[in-house]
Structure formats: C-alpha cells, structure tokens
Amino acid sequence: MAFKGLKVDGNNTFWKWVEEAGTYNVRVLPSSQFKKNSNGNDMLTLNYEVLDGKYAGGQIRFDNISWTDDTPEKEERSLKRFNTLLVAAGFPEGAQVDTLQIMLQGLITKYNKLNVAVEWSDEPSEKGFYNLRVKNHKILDPEGSKPNGEFAPTQQQNNSNFNKADTAVDRSVASLPNNFGSDPFAGAGQVISDDDLPF
C-alpha cells in the first residue's frame, strides 16, 4: 500500500511527556545508565515511565544520582541518597550491593517500581525548555500518581516560535538518548543476568 498522507498530530506520537509537577508512580526504564559525572564521580542516570493516571506512559528523564565520598559527610549523604532510592524501589533489607552496575541492573529488571516527587527546574535548558527534576524517591503510592497542577514556567512557551504540537515534537526528539532504538543497555556497563544478582 502507498502512503496516503496524514495530518500532523502532536498527541499521536510514541512519546508522551509529563506536563505537570507532582508525585508519580513510575518504573525505571532500560535506557537508564551508569556513567561518570563532570567531576569524575560514579553516577546513575535514571529514566522513568509513569505507571498510572492522566500521564500514564509519559516519561520523566535524567534523574542524576551521584556518589560522592570526598569527605565523611559527603559519603554519609551518598549512603542516605542511595539507600532512600533502594528502599523506595523495594530492595530487600540487608541486601549487599557491591557496584552501581549491579544496582542499576536490579533497578531495571527486578526492583523497578517506585514513586518520585518532581518539580520544574529553576532555569531553562540551552534550548529554552524547563525540565522536571526529581526531588525525592518514595515507595509506590497506593492512591496513584498525583499531578499538582504546576505546569512549566510560561517563559518556555514565550521562548518558542512553535505551536503546541511542534513544541511537543521538539521536546521529544531533544530528549531522546543517543542510543534510542538500539541496545537498551548500551552505555550502561555490563549486562548482568537476573540469576547473578545478589538479591
């Protein structure tokens, strides 16, 4: 069959974006990665998909969680930060996690559901968009996701010459990882079998 044309519809795409701050029940996506931050510290970059509510299927991307142990105080904060994430995701009490790669594999495959609270970034990105950033991690909310009615600052729309559909497409394409469409574990380090996980 031959292409017969279509009407561009920003609401009919593979990507759905969360447009309000709030708290969301999410799952960790396989596009999440282990990497180093600009200071050379180990870091997880977690991407999420909303599980329920009006933004079900929408994505919250680039939750960067760094490990810093330059001082005892920073190491203690890192321990609390990562423990909060793991408890929220349901890792068993007392489980030993020896590397961030193993932690990431567990978050992607086995303990991948949690609740995140998100707010809008204070400053726009280089492209003029305000992004949602994760403030904290909690266990799944049995009452479901709760958008709070706070949309991105209006400057985002004022900085754009596009209509709503064009802006949605621009955000989707700009936010795709470099390895989109390829191996979902690319860049995430060694792929570890579920049987090899210590928990």
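The values are calculated or read from the model by the stated rules, or taken from the named source; none is laboratory data. Computed from a predicted model, the values in this text were never measured in an experiment. Positions of Cβ are backbone-derived with ideal geometry, glycine not excepted, and every protein chain shown enters the neighbour counts. Side chains included, ligands, DNA and RNA excluded: accessible areas come from the protein's heavy atoms. Shrake-Rupley method; radii C 1.70, N 1.55, O 1.52, S 1.80 Å.
Calculate the length of the line joining the C-alpha centroid of segment 18-59 to that of segment 100-126, in whole Å. First find each Cα centre; the distance between them is then 4 Å.
Full extension of the chain segment joining Phe151 with Glu75 gains 23.9 nm, where the gain is 0.36 nm per residue of separation less the Cα-Cα distance.
Extending 7 Å from the Cα toward the beta-carbon at both Lys110 and Ala95 defines two label points whose distance is 0.6 nm.
Projecting the Cα atoms of Ala95, Trp17, Asn112 onto the charge dipole of segment 1-147, computed from C-beta unit charges around the Cα centre, puts Trp17 farthest toward the positive end.
Taking all protein chains together and rolling a 1.4 Å probe, Val134 ends up with roughly 30 Å² accessible. Assuming a ≥ b ≥ c are the square roots of the Cα gyration tensor eigenvalues, decide whether segment 96-156 counts as rounded (a/c under 1.5), prolate (otherwise, with a/b larger than b/c) or oblate. Oblate is the answer for segment 96-156, as a/c is 1.5 or above yet b/c matches or exceeds a/b. Within the assembled protein chains, the solvent-accessible surface assigned to Tyr55 is about 20 Å², based on a 1.4 Å probe. Bridging of Lys74 to lysines at a Cα separation below 26 Å is possible for Lys35, Lys36, Lys135, Lys138, once same-chain residues fewer than 8 apart are set aside. The order of Leu104, Leu6 by accessible area, most exposed first and with a 1.4 Å probe, is Leu6, Leu104. Take Arg81: with every protein chain present and a 1.4 Å probe, its accessible area is about 90 Å². Protein-only accessible surface at a 1.4 angstrom probe places the residues Ile60, Ile139 in the order Ile139, Ile60, largest first.
Calculated accessible area for segment 1-131 comes out at 55 Å² per residue, all protein chains present (probe 1.4 Å; ligands, DNA, RNA ignored).
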